[in-house]
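**Q** Mind having a look at this structure? Questions to follow.
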Amino acid sequence: MLKTYIEIDNITKSYKQGDELVGVLNNFSMTLNEGDFLSITGPSGSGKTTLLNILGLIDNFDFGDIRHFGKNTKDLHETEKNKIRMNSLGFVYQSNNLFDEFNAVENVALPLILSGKNRKDSYQESESMLIDFGLGHRLKHTPKDLSGGEQQRVAIARALINKPDVVIADEPTGNLDKATSKNVFQYFLNYLEKNSCAVVMATHNLELAGLANKKLELNTLNE
Ligand SMILES: Nc1ncnc2c1ncn2[C@@H]1O[C@H](COP(=O)(O)OP(=O)(O)OP(=O)(O)O)[C@@H](O)[C@H]1O
Ligand SMILES: [Mg+2]
């Protein structure tokens, strides 16, 4: 039996913008299972990032329910949510959010160190992952000395280093050229093939979205 990693039931989410309430998700449900590579597409403002933030326990919602690994996580304390985020989820953002003052190895090793692993082992693991990602010659470079595609690969390595069950990627190829986007996308596919996990990826790139095995298209509400 395939494991269910994340389920959301009838979620409604709106934001207050001045005096107005802007609806983003309305009675929205979905399930993410082991082996899923789910692409999320839809126009700008349709709620892709909002949905990813809900799946990643970063944002709250107004109504509905959410479960991670069978456990209701809607009303969990922030410390508990943090634990799930740190142990089971990996995030890649459009702007890669790397730490400018850290080099590639240090950036990738951070989640390991934060989860209690000693520095020496963390750096070693991080180095070997970066070598797998074709960045063996860039280990000591800080983000400003890396190309966009290299930075994005470091960000993906950082998201995967803790072997998360669910990888949440918000336009991970947003700033990359076509060939580099495909290449970066391939790292997710490889990770998915080698691990029992799931990947959720928001993207404007319809060609890449089409390669996913589950597809979701969001529409803008109220238009
Ligand atoms: N913190 C916030 N406060 C108020 N409104 C917000 C907030 N975050 C998002 N919104 C609104 O919610 C809607 C959905 O935003 P979201 O960022 O999820 O869209 P998106 O599909 O990720 O768009 P894009 O493709 O441009 O990244 C937009 O109308 C946006 O203006
Ligand atoms: Mg977005």
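**Q** Note down the net charge around Gln124, summing +1 for each Lys or Arg and -1 for each Asp or Glu among other residues with Cβ under 15 Å from its Cβ.
**A** That works out to -1.
**Q** Calculated FRET efficiency, Leu221 and Lys140, Cβ-Cβ r, R0 35 Å, to nearest 0.05?
**A** Efficiency for this residue pair is about 0.15.
**Q** Here's something else I'd like to know. Based on the Cβ-Cβ distance of Asn82 and Ala179, what FRET efficiency does E = 1/(1 + (r/R0)^6) give at R0 = 30 Å, to the nearest 0.05?
**A** Values: r = 37 Å, r/R0 = 1.24.
The computed FRET efficiency comes out at 0.20.
**Q** Could you tell me whether the chain comes out rounded, prolate or oblate from its Cα gyration tensor? Rule is a ≥ b ≥ c as square roots of the eigenvalues, rounded for a/c under 1.5, then prolate if a/b exceeds b/c, otherwise oblate.
**A** Because a/c hits 1.5 or more and a/b exceeds b/c, the chain counts as prolate.
**Q** Just to be sure I understand: with springs between alpha-carbon atoms less than 10 Å apart, which residue in Lys13, Lys81, Lys194 has the highest mean-square fluctuation in the Gaussian network model of the chain?
**A** Lys194
**Q** Need one number: convex hull volume per residue for the stretch 1-129, Cα atoms only, in Å³.
**A** Enclosed volume per residue, from the Cα hull, is 162 Å³.
**Q** Turning to a different aspect of this structure: So, by mean Cβ neighbours within 10 angstrom, what's the order for 108-115, 65-72 with the highest one leading?
**A** 108-115, 65-72
**Q** Please list the equivalent ellipsoid semi-axes of the stretch 54-185, computed as the square roots of five times the alpha-carbon gyration tensor eigenvalues, in descending order and whole angstrom.
**A** 28, 18, 11
**Q** Another question, then. Please work out how much length the chain gains when fully extended from Asn118 to Met30, using 0.36 nm per residue of separation minus the C-alpha to C-alpha distance, in nm with one decimal. It would help to have the intermediate numbers written out before the result.
**A** Values: separation 88, 0.36 × 88 = 31.68 nm, distance 3.80 nm.
Using 0.36 nm per residue and subtracting the Cα-Cα distance, I get 27.9 nm.
**Q** Please determine, in degrees from 0 to 90 and to the nearest 10, the orientation of helix 78-88 with respect to the longest principal axis defined by the Cα atoms of the chain, where the helix direction is its Cα long axis.
**A** In the chain, helix 78-88 runs at an angle near 50 degrees to the longest axis.
**Q** Under the 0.36 nm per residue contour assumption, what length would be gained going from the current alpha-carbon distance of Glu193 and Asp75 to full extension?
**A** So the extension gain works out to 39.2 nm.
**Q** Could I ask something else about it? Can you tally the net charge around Leu176? Count Lys and Arg as +1, Asp and Glu as -1, for every other residue whose Cβ sits under 11 Å from the Cβ of Leu176.
**A** Neighbourhood net charge equals 0.
**Q** Using a Gaussian network model of the chain with C-alpha springs under 10 Å, which one of Val167, Val24, Val154 is most mobile by mean-square fluctuation?
**A** Greatest mean-square fluctuation among the candidates belongs to Val24.
**Q** Among the listed pairs Lys182/Lys214; Lys16/Lys83; Lys117/Lys163; Lys182/Lys215, which are separated by more than 20 Å between their Cα atoms?
**A** Lys16/Lys83
Just so you know, all these numbers are worked out from the coordinates, no wet-lab data involved. On a predicted model such as this, the values are computed, not experimentally measured, just so you know. Heads up, the Cβs are rebuilt from the backbone with ideal geometry, glycines too, and the neighbour counts pull from every protein chain shown.
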